[in-house]
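Here's the structure, in structure tokens; my notes come after.
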Amino acid sequence: MSFTPLGLSSSLLKAVSALGYESPSPIQAQAIPVILSGKDVLAAAQTGTGKTAGFALPILQNLQAGQPARANQVRALILTPTRELAAQVEDNIRGFNQFLKLKTTVVFGGVGINPQMKRLRGGTDVLVATPGRLLDLYQQHAVKFEQLEVLVLDEADRMLDMGFIHDIKRILKVLPKKRQNLLFSATFSPTVTALGESIASNPVKITTARPNTTVAEVQQRLVNVDKSKKVSALTTLIKQQNWRQTLVFSRTKHGANRVATRLTNSGIPSAAIHGNKSQGARTRALSDFKDGKINVLVATDIAARGIDIAQLPIVVNLDLPNTAADYVHRIGRTGRAGATGEAWSLVSADELSQLKDIETLIQKLLPRETLAGFEPSQMLSETRLTAPKRPKKPKKPKGANSESF
Ligand code: AMP
């Protein structure tokens with residue numbers, strides 16, 4: 001199937017083809033006609049499915065038809081959980097907008113507010129924003145919503161996990177009631193569903209893969225290893241398997257720093273990326289990783305969210321995440337756009353309960369392996385598959401707020 005029958009204008013079709021997209025992904029094929037028709041949408045889609053084009057292309061087309069934004073006004077607002085994702089989404093939109101004349105802007109925290117205020121002065125057709133900075137700008141009258149036509153909540157599950165619900169509610173209160181609402185989320189917990197139902201009227205529900213399942217293309221490997229040997233085992237794996245571009249997840253910021261330093265000292269160029277790093281340091285680490293100047297990026301869940309690297313081959317869980325849904329998010333970084341990827345988890349005996357939660361969520365037992373020279377002194381106990389649980393709100397780990405965006 002090509003993009004032509006979806007009802008997009010020739011300028012957008014030209015942009016899509018200039019970007020090298022030949023056929024729409026499943027989420028695009030379903031979402032584009034529905035969004036063009038002005039309906040509300042609740043869509044289950046992970047990063048990597050092409051969801052950004054799925055909402056951005058029809059939004060741009062609909063915006064083209066209306067009046068341009070007046071001073072400080074915004075016509076389409078896209079909320080994202082992290083700065084990285086905001087920057088990435090706006091970057092994608094600029095690509096789609098290359099043959100149109102719509103104005104796009106991105107704003108997020110951690111950088112000066114004044115240049116953002118200046119950019120918003122003339123009005124913007126599309127604004128991509130993280131919730132906290134958007135509220136700051138609104139309070140300073142730098143952004144106004146009288147002309148708002150469409151709201152997108154991108155990665156809604158992650159925004160809720162990160163505690164943005166109050167910010168989102170405050171934003172919703174100041175938006176015009178009559179607007180199109182689009183919500184995208186990798187997982188649909190009861191809280192995400194409740195948020196979706198509270199904003200959308202008569203939404204079209206779109207699912208392209210079963211929510212809460214892992215992408216079929218990802219090969220999942222589990223290595224049972226002692227906790228104290230994890231970093232050495234990782235170093236050995238990277239060298240043995242000759243991994244080039246590896247994204248390693250660490251549960252803590254300090255852990256991420258320590259691992260990046262140890263890997264670098266072992267001759268594997270690495271960098272850490274997390275909320276304590278300046279925006280400049282994070283952008284630099286990401287571009288060095290993309291360009292192959294460093295082989296390994298060690299990231300916390302929040303910082304890794306939305307990192308879009310085409311066909312990331314290897315993802316490693318150095319520790320299992322606190323919530324099983326995060327496992328799905330993490331391994332969703334690989335095996336994108338039909339490419340095969342590998343997700344390796346280094347699991348120690350004390351992580352049994354997280355492992356059980358993951359296996360229950362994905363409804364699959366992960367076969368255990370050991371690595372020669374790193375046989376564990378404490379074996380992981382056996383697990384059995386149980387019926388899926390109703391997803392519950394993840395408990396906030398201590399200090400969860402310390403990763404501020
Ligand atoms: P997303 O899920 O929106 O983050 O997109 C994931 C990646 O797939 C991005 O690098 C997009 O540029 C790319 N992409 C999106 N749609 C298509 C398509 N129809 N054909 C090829 N690549 C695509």
Computed [θ] at 222 nm, helices only, for the chain once each DSSP H run of length n ≥ 4 contributes -39500 (n - 2.57): -11000 deg cm²/dmol
Amide proton proximity set for VAL106, modelled H, under 5 Å, gap of 5+: VAL128
Out-of-range pairs (alpha-carbon distance over 27 Å; input LYS227/LYS253; LYS253/LYS293; LYS14/LYS293): LYS14/LYS293
Packing-based ranking, highest mean first, of 4-11, 353-360 given that Cβ atoms within 10 Å are counted: 353-360, 4-11
Separation between Cα centres of region 269-296 and region 69-112, rounded to whole Å: 23
Using θ = phi - 60° and Karplus 6.51 cos²θ - 1.76 cosθ + 1.60, couplings along region 89-96 (whole Hz; Gly, Pro as x): 5, 5, 4, 4, 5, 4, x, 5
Rounded, prolate or oblate (a/c below 1.5 giving rounded, otherwise prolate when a/b exceeds b/c) for the chain by Cα gyration tensor: prolate
The chain, dipole about Cα centre (Lys/Arg Cβ +1, Asp/Glu Cβ -1), debye to the nearest 20: 860
Karplus 3J(HN,Hα) series, Hz, for region 265-273 with 6.51 cos²θ - 1.76 cosθ + 1.60 (x for Gly, Pro): 5, 8, x, 10, x, 9, 9, 9, 9
Accessible heavy-atom area order of VAL231, VAL248, highest first, probe of 1.4 Å: VAL231, VAL248
With DNA, RNA and ligands ignored, accessible area of SER250 (1.4 Å probe; Å², nearest 10): 0
Around GLY123: net Lys/Arg minus Asp/Glu count, Cβ-Cβ under 12 Å: +4
Cut-off under 5 Å, modelled amide H: who pairs with ASN317 long-range: PHE249, TRP344, SER345, LEU346
Per residue solvent-accessible surface (Å²) - the chain, probe of 1.4 Å: 43
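The values are calculated or read from the model by the stated rules, or taken from the named source; none is laboratory data. This one's a predicted model, so the numbers in the text were calculated from it and none came from an experiment. Using ideal geometry, Cβ is built from the backbone for each residue, glycine included, and neighbour counts are taken over all protein chains shown. Heads up: the accessible areas ignore ligands, DNA and RNA and are worked out on the full protein's heavy atoms, side chains in. Shrake-Rupley method; radii C 1.70, N 1.55, O 1.52, S 1.80 Å.
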